[in-house]
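Below is one structure, written out as structure tokens; the observations come after it.
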Amino acid sequence: ISGYSLKLSREMDAGGMRAFVTLSVEPRRQIDVARTLGRFPQIETMHTVSGKFDLVAQVKTATSEDMDRLIDDIGLIPGVTRIETAVILSTKLDRR
């Protein structure tokens, strides 16, 4: 057993907005970028991925203005070369 967690119902966790943020990172900067991203409390999960992007993060903010500010802040991180954001409209399946 590696741990226990609490999963809130959709009704309890309905506020705010979520998005997937995909990032391209300069070669050899991924560790530094990931460490910096880890300081953002809005980032719920972060993964390295194969393909045209290097990292994918799931983020949650209270408002669209907060999301815009977060994306701007992420774009200022040294080593980040490209960002794409996909706002999550609804969740059809979550087996976590």
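The values are calculated or read from the model by the stated rules, or taken from the named source; none is laboratory data. Please read these numbers as outputs of a predicted model, since none were measured by experiment. Reconstructed Cβ throughout: ideal geometry from the backbone, glycine too, with neighbour counts over all protein chains shown. Only protein heavy atoms, including side chains, enter the accessible area calculation; ligands, DNA and RNA are left aside. Shrake-Rupley method; radii C 1.70, N 1.55, O 1.52, S 1.80 Å.
List of remarks:
- When the range 16-45 is filtered for residues that are among the hydrophobic types (A, V, I, L, M, F, W, C) and touching a Gly at 6+ places or on another chain (Cβ under 7 Å), the ones remaining, listed by number, are VAL25, VAL33.
- Residues of the range 40-96 satisfying the condition of being open to solvent by 50 Å² or more (accessible area, probe 1.4 Å), of a type in the set (Ser, Thr, Tyr) and within 16 Å of LEU23 (Cα to Cα): THR48, SER50, THR81, THR85
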